[in-house]
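S.K.: After the structure tokens below, expect a handful of questions from me.
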Amino acid sequence: MTGEEPEHLTQAARCQAQVDPLAALRAPGDPPWDVYLTGTVFLDIIFTGLDSAPVRGTESWARGMGSSPGGVANMAAALARLGLRTSLAAAFGDDHYGEYCWDALEQGEGIDLSPSRTVPGWHSPVTVSMAYEGERTMVSHGHEPPPEEPAPDCPPRARAAVASLTPGRRAPWIAQAAREGTRIFADVGWDDTGTWDLSGLADLAHCEAFLPNAAEAMRYTGSDCPRAAAHALTEYVPVAVVTLGSDGAYAVDRRTGEAAEVPAIAVEALDPTGAGDVFVAGFVTGSLAGWPLADRLAFAGLTAALSVQEFGGSLSAPGWSEIGAWWRRVQSLPGQDPKALERYAFVEGLVPERLDRPWPLRRAVPTIGFGRSG
């Protein structure tokens, strides 16, 4: 690598990533971090293998269970596993759940938590996710951290930042980061107010790319077609990416006039938790590496597809070993469409022929606390 390696990039992270997608672009004086993000870290408890949705007044048994950091941790871990130097600002409870999430992200994934803080007496937010029929149902509980524990007013220097926009509310750090040259990639949640007014997403003016799903894009633009919605969104942001669920994704770049559509990869989904975050992480990785729009879309879809085959949001995100193993395996399967394989041929030049890893990527654990002595 060229340039100075941040001291927070641990040996664990280097061994897990193994591929630096920005190696050819690094130079002295670069920002210390590739991506900065801030938000709430949840402890996710995931039940899978349910035959149907829970029915009132009955007890349902799940065939699988996992626990992992969730919330903004989904995105942070996905970015780090793709080899991006990732810095996260978040509040952590001082309970055992918070300790587990902190350790999993800092020591396990090599994520910089220097902008984060532990809040005394604040219990960690928790989400229980139940996956069935390819979908999920979630129940969450948590409290806002004390007002004296805000995210840093001055975000660290980074090539990019990922922001989750809130209708009707500005996040001052977004404008500040954009003024410093950070490229902002934004998504958005469901608008509970029902207004679906793009003027309420004021921070969109500071963003390079906006990545809503089809339902969100159509509601915000008043379009009855997600592809038309993507074109309409480029009046507000240079790059619009609309995810189409099982149909893949569609993107438009206003600056180049380029449009691209890539179909989804068909997989058997174990747990879709965090797949949207993994998709964004893949797209950010390709954007920072300077790949063509269609390659960025294809890579984002590939990483998301690989993630849903494992338990948990953050710890289901694939690393380069998983990507390389998929590419080698898919080429060997009979009956593959040559044109479909050609769509992902760019992966060949990214993944080393052999990826030796001294340990596997951490996965979601069924029970937290094993191995602790009293």
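S.K.: Which of the residues spanning the range 234-245 are under 22 Å from the mean Cα position of the chain (by Cα) and surrounded by fewer than 24 Cβ atoms within 10 Å (Cβ to Cβ)?
M.R.: Filtering the range 234-245 for residues under 22 Å from the mean Cα position of the chain (by Cα) gives 237-245.
Result: VAL237, PRO238, LEU244, GLY245.
S.K.: Continuing with this model, one more query. Please enumerate the residues belonging to the range 31-43 that are in a strand (DSSP E or B), of a type outside the set (A, V, I, L, M, F, W, C) and open to solvent by 10 Å² or more (accessible area, probe 1.4 Å).
M.R.: Within the range 31-43, just THR38 meets the criteria.
S.K.: Could you list, in sequence order, the residues of the range 319-365 that are at pLDDT 60 or above and touching a strand residue (DSSP E or B) at 6+ places or on another chain (Cβ under 8 Å)?
M.R.: Matches in the range 319-365: ARG343, ARG363, VAL365.
S.K.: Right, next: Which of (1) within 19 Å of the chain's Cα centre (by Cα); (2) open to solvent by 40 Å² or more (accessible area, probe 1.4 Å) is the odd one out, the single condition ASP94 does not satisfy?
M.R.: Only one criterion is unmet by ASP94, namely (1).
S.K.: List pairs: first residue in the range 232-248 and among the aromatic types (Phe, Trp, Tyr), second residue open to solvent by 20 Å² or more (accessible area, probe 1.4 Å) anywhere in the structure, Cβ distance under 8 angstrom, at least six positions apart or on different chains.
M.R.: The qualifying pairs are TYR236/ALA205.
S.K.: Moving on to the next point. Just give me the residues in the range 55-94 being of a type in the set (A, V, I, L, M), closer than 15 Å to ARG136 by Cα and either assigned to a loop (DSSP other than H, G, I, E, B) or at pLDDT 95 or above (or both), in sequence order. Outline the logic, then answer.
M.R.: Just the residues of the range 55-94 that are of a type in the set (A, V, I, L, M), to begin with: 55, 62, 65, 72-73, 75-80, 82, 84, 88-91.
Remaining after also requiring closer than 15 Å to ARG136 by Cα: 55, 62, 65.
Residues satisfying the conditions are VAL55, ALA62.
S.K.: So, one more: Show the residue pairs meeting these rules: Cβ distance below 6 Å; 6+ apart or different chains; first residue within the range 168-195 and open to solvent by less than 50 Å² (accessible area, probe 1.4 Å); second residue of a type in the set (Ser, Thr, Tyr).
M.R.: Once the first residue is open to solvent by less than 50 Å² (accessible area, probe 1.4 Å) and sits in the range 168-195, its partners that are of a type in the set (Ser, Thr, Tyr) give ASP187/SER164.
S.K.: Of all residues in the range 276-318, count the ones that are over 18 Å from GLU348 (Cβ atoms), surrounded by fewer than 23 Cβ atoms within 10 Å (Cβ to Cβ), in contact with a Leu (Cβ under 8 Å, 6 or more places away or on another chain) and at pLDDT 95 or above.
M.R.: 1
S.K.: Residue check: is ALA23 open to solvent by less than 50 Å² (accessible area, probe 1.4 Å), in contact with a strand residue (DSSP E or B) (Cβ under 8 Å, 6 or more places away or on another chain) and among the small types (Gly, Ala, Ser)?
M.R.: On the way: open to solvent by less than 50 Å² (accessible area, probe 1.4 Å): yes; in contact with a strand residue (DSSP E or B) (Cβ under 8 Å, 6 or more places away or on another chain): no; among the small types (Gly, Ala, Ser): yes.
Here the answer is no, as ALA23 does not meet what is asked.
S.K.: Among the residues of the range 295-339 satisfying the criterion of being more than 17 Å from the chain's Cα centre (by Cα) and in contact (Cβ under 8 Å) with a residue 40 or more places away in the chain, which is nearest to ASN74 (Cα to Cα)?
M.R.: Taking the candidates together, the pick is SER321.
The values are calculated or read from the model by the stated rules, or taken from the named source; none is laboratory data. Predicted, not measured: the structure shown is a model, and the values here were computed from it. Here Cβ is always computed from backbone atoms with ideal geometry, including for glycine, and neighbour counts include all displayed protein chains. Side chains included, ligands, DNA and RNA excluded: accessible areas come from the protein's heavy atoms. Shrake-Rupley method; radii C 1.70, N 1.55, O 1.52, S 1.80 Å.
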